[in-house]
Amino acid sequence: MITYAAIFAFTCFGAAVLLNLWKVMTAQNVADRILALDTMFINAIAVMVLYGIAVGSEIFFEAAMIIAMLGFVSTVAYARFILRGNIIE
């Protein structure tokens, strides 16, 4: 039963990543693209954790933490660039 749940979760999160990628490419303004990219980072973290559970390896959880930090920093950098025009003052 857990195998079917994992396959269903992989399918759902994979579809979510593809839909977020579509939104990043077709959004009308930059703020929507940033939100879609941030959501894509969150879905990529979920896929990485699910893969770590399926394989039984702990290295994927550490990789998910690194992706989470990169996603947060990139979202803040994009938002600061839109608001102020520069990232570093």
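I67: out of contact with any His (no Cβ under 6 Å at 6 or more places or on another chain), closer than 22 Å to T3 by Cβ and assigned to a helix (DSSP H, G or I), yes or no? Before the answer, list the steps.
Working: out of contact with any His (no Cβ under 6 Å at 6 or more places or on another chain): yes; closer than 22 Å to T3 by Cβ: no; assigned to a helix (DSSP H, G or I): yes.
Answer is no for this residue.
Could you look through the stretch 23-65, keep only residues that are of a type in the set (D, E, K, R) and out of contact with any Gly (no Cβ under 8 Å at 6 or more places or on another chain), and pick out the one that is farthest from R80 (Cα to Cα)? Give the steps one after another, and end with the answer.
First, the residues of the stretch 23-65 that are of a type in the set (D, E, K, R): 23, 32-33, 38, 58, 62.
With out of contact with any Gly (no Cβ under 8 Å at 6 or more places or on another chain) added as a condition, the list becomes 23, 32-33, 62.
Numbers: K23: 21, D32: 15, R33: 14, E62: 27 Å.
Among residues in the stretch 23-65 that are of a type in the set (D, E, K, R) and out of contact with any Gly (no Cβ under 8 Å at 6 or more places or on another chain), the one farthest from R80 (Cα to Cα) is E62.
Applying the selection to the stretch 70-89, what residues are touching a helix residue (DSSP H, G or I) at 6+ places or on another chain (Cβ under 7 Å), part of a helix (DSSP H, G or I) and not aromatic (F, W, Y)? Spell out the reasoning first.
Of the stretch 70-89, the ones touching a helix residue (DSSP H, G or I) at 6+ places or on another chain (Cβ under 7 Å) are 71, 75, 78-79, 82, 87.
After this cut, where a residue has to be part of a helix (DSSP H, G or I) as well, the list is 71, 75, 78-79, 82.
Result: G71, T75, A79, I82.
When only residues in the stretch 9-34 that are of a type in the set (G, A, S) and buried (at least 16 other Cβ atoms within 10 Å of the Cβ) count, which is nearest to Y78 (Cα to Cα)? I'd like the intermediate steps shown before the answer.
Restricting attention to the stretch 9-34, the residues satisfying the condition of being of a type in the set (G, A, S) are 9, 14-16, 27, 31.
Filter once more, so that each one left must be buried (at least 16 other Cβ atoms within 10 Å of the Cβ): 9, 16.
Details: A9: 30, A16: 22 Å.
So the residue we want is A16.
Report every pair of residues separated by at least 6 positions or lying on different chains whose Cβ atoms are under 7 Å apart, first residue within the stretch 74-88 and within 15 Å of F41 (Cα to Cα), second surrounded by 14 or more Cβ atoms within 10 Å (Cβ to Cβ) and of a type outside the set (A, V, I, L, M, F, W, C).
Filtered contacts from the stretch 74-88: T75/D38.
We did not get these values from a lab; they are worked out from the coordinates using the rules stated. Being a predicted model, the structure only gives us computed values, none of them experimental. Note that we place each Cβ from the backbone using ideal geometry, even for glycine, and neighbour counts take in every protein chain shown.
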